[in-house]
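Q: This is the structure I want to talk about, given as structure tokens.
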Amino acid sequence: MTRAALLVLVSAAVLACDRPGGPEQTRRLTGQALQGTLAYPRSSIVSMSAGEEAAQLVMTSPDSVTVVAKWFVRALGMNNWEVKRTISDRNGTVTIYAEQNKRPLWLTLRPNAGGPGTTYTMIGVIPKDSVKP
């Protein structure tokens, strides 16, 4: 392999590793957006995504929506989050809105379709100083 071909191959690999919107950047931004929050015990990650202003983490748990929602309300309060609103609908979905130092957090908990457990979504705002230009 010539030096030029090796240089092109190495350059392409380096650029691929640090591309905007890649998995590493998504994990980093999601971690920053949800810093100071907790995931419900025994939860599994379903997906995560991040944009320029917010990030979302979707997780699933074998426990019911009621159990998971009560845990979140208690855990958020113990970790300096102020729960501003908790809303339940007739489909069993629970939405929780909380703030910590004016930083918002949205949680939506839904019963799993066709089986026991809960799928929940956590959405947080990415701090302005975290996004690379």
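Q: Kindly provide the trypsin sites (Lys or Arg not before Pro) of the stretch 70-124 that DSSP labels as loop, not H, G, I, E or B, and whose Cβ sees at most 10 other Cβ atoms within 10 Å.
A: ARG90, LYS102
Q: Another one. Just grab the label-to-label distance for ALA39 and VAL67, each label 7 Å out from Cα along the Cβ direction, in nm (one decimal).
A: 1.8
Q: Shifting gears a bit: Which of rounded, prolate, oblate describes the stretch 23-83, given a ≥ b ≥ c as roots of the alpha-carbon gyration tensor eigenvalues and a/c under 1.5 marking rounded, otherwise prolate only if a/b is larger than b/c?
A: Taking the square roots of the gyration eigenvalues as a ≥ b ≥ c, the stretch 23-83 is oblate.
Q: With every protein chain left in place, what is the accessible area of TYR97 in Å² (1.4 Å probe, nearest 10)?
A: 60
The values are calculated or read from the model by the stated rules, or taken from the named source; none is laboratory data. Since we're looking at a predicted model, the values are computed, not measured. Glycine also receives a Cβ, built like all others from the backbone with ideal geometry; neighbour counts cover every protein chain displayed. Just so you know, the surface numbers come from the protein's heavy atoms only, side chains and all, with ligands and any DNA or RNA stripped out. Shrake-Rupley method; radii C 1.70, N 1.55, O 1.52, S 1.80 Å.
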